[in-house]
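Just so it is clear, none of the values below were taken in a lab; they were calculated from the coordinates. Keep in mind the model is a prediction, meaning the values are calculated, not measured. Here Cβ is always computed from backbone atoms with ideal geometry, including for glycine, and neighbour counts include all displayed protein chains.
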Amino acid sequence: MINYQGVARNTQGSPISNKVVYLYISILKDSPTGIVEYKEKHQVTTNSMGLFSLGIGAGTVQTGQFSSITWATGKKFAKVELSTDNINFLLMGTQQLLSVPYALYSGLPWATNGSNVYYNRGNIAIGTTSPLNATLQVNSTNTASSYAQLRITGYKPRIDLDYAGKTRWRLASLDNTHFAIENQTLNTQPFFLTTDGKVGLGTSQPVTKLHLNNGNILLTGGQDKYIFFGDTFPISGQTEAEKQAKGLMGRFIKNTIGSDELLFNGAHLTFHTYEAFPGFEGYIRYFYNTTNNISINMRSTRIGLGSTDPKAAIHIASGDVYLEDATKGVIMKSPDGSCWKMTVSNGGTPVFSKIVCP
């Protein structure tokens, strides 16, 4: 509000004493005949000398909003009109505002609404005069030791990101040990980060560096996908041998027949897909080369050691079965339902003992 005093005079120049008068106060932009940014009406009573007082910004609004006047842009002029009958108004004069309200509004045109302060005429910049397509842009100085920093302190600080009132995401510091990304619309907390470096996806209490709860991991974009376990990460340009020497490296690939493979330091774990083997999509194979492999046919419940096509429940293509414990043996069931365990004597003779079936 701007305090204003004046003397009401008639057309002969005499003071209008002890009488109710009516005034229009207009704020004009750039010149004495400029566009009206704001206009209000007052009803006051003069004293014996025709003097009256009022507050610009406290009258009955006719045009615009006092809080929306762009004080920081261009010149401002106050136009005063007077009437004694509230019908015919006489121009008392137009005068440029030089120090008031510029002393109060020397910065950006912020406005108040009760206890709230707001600004809605463009972007806000800190550290730069030209914010680039950002409602709020914070720039640091051009030195290596400077930081562009936005700090929010207090109990449970948070930032809400609201997409057109449809989906609201929240970045929240829940306590002194947890940071979370929350979906306020669905009331979920899909991401957690603890102060000791643990990440939880779908869990607020991660127990490992990466804890995935009730979900999947999908690797896409080309054939070779690496999962690396080691102290140092492979460097671009290293050979396979150099990469593998760094630690255990898992790589998802598509082999020549279309099956999915997980490669660990040259050893392959193959999952046969339906597209590659219609009717045999439950086939799993682990191999290092063409002869050293383990095959599991989940459809026929057969295991092949050294064989990619097991003919029996356990099929050993080339190799021995070694039982180191002499008390252990091979258990077989006879046609009458009895169970027998075959061991071997010191002379190498098979020994059959009847036992309770497992």
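When Thr208, Thr194 are ordered from fewest to most other Cβ atoms inside 10 Å of their Cβ, what list results? Walk me through the intermediate numbers first.
Details: Thr208 9, Thr194 16.
So the residues, fewest neighbours to most, are Thr208, Thr194.
Once amide H atoms are placed 1.01 Å from N in the peptide plane, what residues at a sequence separation of 5 or more from Gly50, or on another chain, have their amide H within under 5 Å of its amide H?
Asn18
Relative contact order of region 156-213: what whole-number percent is it, with Cα pairs under 8 angstrom and at least 6 residues apart?
Values: 124 pairs, mean separation 11.5, N = 58.
Reported relative contact order: 20 percent.
Sum up the charges of everything whose Cβ sits under 14 Å from the Cβ of Thr70, counting Lys and Arg as +1 and Asp and Glu as -1, but leave Thr70 out.
Details: positive: Lys29, Lys75, Lys76, Arg121; negative: Asp30, Glu37.
Result for the local shell: +2.
Can you give the relative contact order of region 2-96 as a percent, counting alpha carbon pairs under 8 Å and 6+ residues apart? Before the final figure, lay out each step's value.
Numbers: 213 pairs, mean separation 30.9, N = 95.
Across region 2-96, relative contact order equals 33 percent.
Rank the residues Asp309, Asp196 as a footprinting-exposure proxy: fewest other Cβ atoms within 10 Å of their Cβ go first.
Listed from fewest to most nearby Cβ atoms, that is Asp196, Asp309.
Glu37: net charge of surrounding residues, Cβ under 9 Å, Lys/Arg +1, Asp/Glu -1, itself excluded?
+3
Of all alpha-carbon pairs in region 2-96, indicate the percentage at a distance above 14 angstrom.
More than 14 Å apart: 64 percent of the Cα pairs in region 2-96.
At a 10 Å Cβ-Cβ cut-off, how would you order Glu182, Glu324, fewest neighbours first?
Glu324, Glu182
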